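Input: a single structure, listed below in structure tokens.
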Amino acid sequence: MTAGTLVLIVVIAGVVAIVLYAVATYNALVGLRNQIRNAWAQIEVQLKRRHDLIPNLVETAKGYMVHERSTLEEVTKARTRAASAKSVQDISQAETGLSGALVRFMAIVENYPDLKANQNFLALQEELTSTENRIAFSRQAYNDQVLFLNNKVQMFPSNIIAGMFKFTLGEFFELEDSAQRAVPKVQFS
Amino acid sequence: MFWSIIAANKRKTVILVVSMGIFLLLMGYFIGMAVAGPAHRLAGLGGITIALIIWVVMLMVSFWGSDRLFLGMSNAREVDRGSWPQLFNVVEEMKIASSLKKMPRIYIVDDPAPNAFAVGKSENNCAICVTAGLLATCSRDELQGVVAHEIGHILNRDILYLTVAATMLGSILIISDVFLRSRWYTPSVRFGSRSRSRSAGRLGAVVLLAAFLLAILGPVLARILYFSISRKREYLADATSARLTRYPEGLASALEKIGAATARLSSAPSSIAPFYTVNPYKQHLSSSPFATHPPLDERIRILRAMSMGAGYLDYMKAYVEVTRRRVALVQPSELLDAERVEIRGSSEDAGTTRISQAAVRKRTGDMIRALNDFAFITCPCGMKIKVPPEYSAGTIACPRCSRQHAIPRADSGDLGLILSQRSLFSETQHFSQETTTKKVRGASQVVSKIPGQWQEITCGTCGKSFELSPAFKASQRRCAHCGALIFIETPHLTSS
């Protein structure tokens, strides 16, 4: 075996390795992108569920909360805005607004013991709590996937493959939770 | 992903399970030698084969039958969404959080002691079982913590490991028992091996001694191994619960309530004790090597010590801090990503109304009765009559007003009908179907009352609606909004 053939073999092996790596990376990227789409679909299902619950909730509360017209209207408006949002960023903003409106609404419910005793309302409230939790959990799953994709798209050497096939950065789904971000109160007594 | 913890943990459990297996084989070898005599060429091998056969048979039986056996032994009933929406919701939330592909089946045991267990060898075929007592005592967050703990068992494949380990323990127990008994009753060596030669005789004595030692010590050691596997898996399931719910306090206060409960689980056979959230036999105060579960207060203290976050790393830190053991359950280096998981606020802060304990207790009772084919009759006087399925007469008299009621006998569809009062969508439909509103004398109206139910009334004057309580007895009422007079007509019922 001459030195020439040896070099040739090494070069061919190198090319094969690079091609294999490219194929594997490409497939991993496609897989991640599909997972993100799937995770996003899950979030949309839950958001839709929340939008469907709100008219029922408002309808039930209306009979009791005569003097809280503005709060109820605010919830309805926020819901309409959220239902018509399209891009990830718009949806994030609108849903944050809706969550805020619901928190204010629930705070006011505290003043209406009759409403709190209503079976129908309690069932709706349970559904709403569950939906909020589902949104939170599926959002976390979605953001995890986005982080993985973004790492792949930005890090060397997978960023070369990502650039060649035009993989773009995923968008995080952020819901600003005012209660969570608030500075914890410390009391010395 | 964050399930990388499974890989790290698997290794330790596998080592324990394998050492138990080696122990089983050793026992088979020496007992085989002792029974057939060391001179016999196939004695040790034969013993090993027999031990293996016993184990494989037990394993196969428990693999294909254990789910149904466990659920059957503890009298569990499979339920759907309508029976207890909150439980169903919580399980589904945890399914989303853990990205399980399939929803676990849900079972309820009619038992006042709060507890729960999970069965199923794989993620796609598993079930979670909770007691009625758990539903009655726990708040939403606490229920979520317990369900997440069970999901943790499923995700960490604990049921698989415990089944393998339990069958090994069982085989060791059987072999040592049979050997010791046979020696006890027939002390003389029957197999004639001793008489062959003096050296064989000495060897025989050594083998016999080893066999006795293994037969006596084996069960004890195997139990210690088995329970140490079981305890380790409990800590991990707790860690998974905190990670999934992002709210360690939920499980902590649930464990506190379970520990404080006075009712004892009556429906659990001792063999399935390690599968419960908390050992149903109240061993949880001790920290002996024979305990299936770690001491309850230690588990609670670890969960409460997680102040910085809800990730696995936070649990491991809290574990080392509380137990003062130098070796963590899982080394931080074994976790692929040091993720940051924030603790969320309790769902009560977010506006979930606490329903009174008594009301929840009543509802769990009703749910169990509905599952057990009780007939529910709401009397116009407001009395709710619950008729057991054993009651054979066609009619029953209301104990308060002595009206006669025909008993609607349960077809299978009846359960859904009874429980639909709780399911929200069917309820809103009920209102629109059943409320009849007539307009008479200009502005005022006459509404016929539906007995024994909350009823929505739409005012004919202002168009707003309000609710009429089932206890409402008067013949007229003013609209809550505009003050217009509405006549309430109670349908005339013939009483006997």
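Ranked for footprinting exposure by Cβ neighbours inside 10 Å, fewest first, B:CYS129, B:CYS462, B:CYS479 give B:CYS462, B:CYS479, B:CYS129. For B:ALA359 and B:ARG400, the difference between the fully extended length at 0.36 nm per residue and the C-alpha to C-alpha distance is 12.6 nm.
Inter-label distance, B:SER392 to A:VAL7: 10.2 nm, where each label sits 7 Å from its Cα along the C-beta direction. Place a label point 7 angstrom from the Cα of A:ASP90 along the Cα-to-Cβ direction, then list the residues of the range A:27-57 whose backbone nitrogen is under 20 Å away. What the label zone holds, given the 20 Å backbone N cut-off, is A:37, A:40-52. For the peptides A:41-52, B:81-92, B:313-324, residues were scored by their other Cβ atoms within 10 Å and the scores averaged per peptide; the highest-first order is B:81-92, B:313-324, A:41-52. Charge tally around A:VAL88: other residues with Cβ under 13 Å, Lys/Arg +1 each, Asp/Glu -1 each, net -2. The distance between label points at A:ARG49 and B:ARG304 comes to 3.3 nm (points 7 Å beyond Cα on the Cα→Cβ vector).
Find which of B:GLY44, B:ALA76, B:ASN156 sits farthest along the positive direction of the dipole of the range B:25-175, computed with +1 on the beta-carbon of Lys and Arg, -1 on that of Asp and Glu, about the Cα centre. With unit charges placed on the Cβ atoms, the residue in question is B:GLY44. Working from Cα pairs under 8 Å separated by at least six residues, relative contact order for chain A is 29 percent. Taking each of B:LYS12/B:LYS121; B:LYS95/B:LYS362; B:LYS121/B:LYS317; A:LYS48/A:LYS166; A:LYS62/A:LYS116; B:LYS362/B:LYS464 in turn, the alpha-carbon distance tops 23 angstrom for B:LYS95/B:LYS362; B:LYS121/B:LYS317; A:LYS48/A:LYS166; B:LYS362/B:LYS464. What list of ³J(HN,Hα) couplings, whole Hz, do you get for the range B:95-102 from phi and the Karplus terms 6.51, -1.76, 1.60, once you set θ to phi - 60° and write x for glycine and proline? In residue order, the calculated couplings are 5, 5, 4, 9, 6, 5, 7, 10 Hz.
Two numbers describe the Cα atoms of chain A: Rg and Dmax, which are 25.3, 95 Å.
Residue separation of A:ALA41 and A:GLN119 scaled by 0.36 nm, minus their Cα-Cα distance, works out to 24.9 nm of gained length.
Laboratory data are not the source of any read-out in this text; all were calculated from the coordinates shown. Since the model is a prediction, treat every value here as computed from it, not as a measurement. Virtual Cβ from ideal backbone geometry, glycine too; neighbours counted across all protein chains shown.
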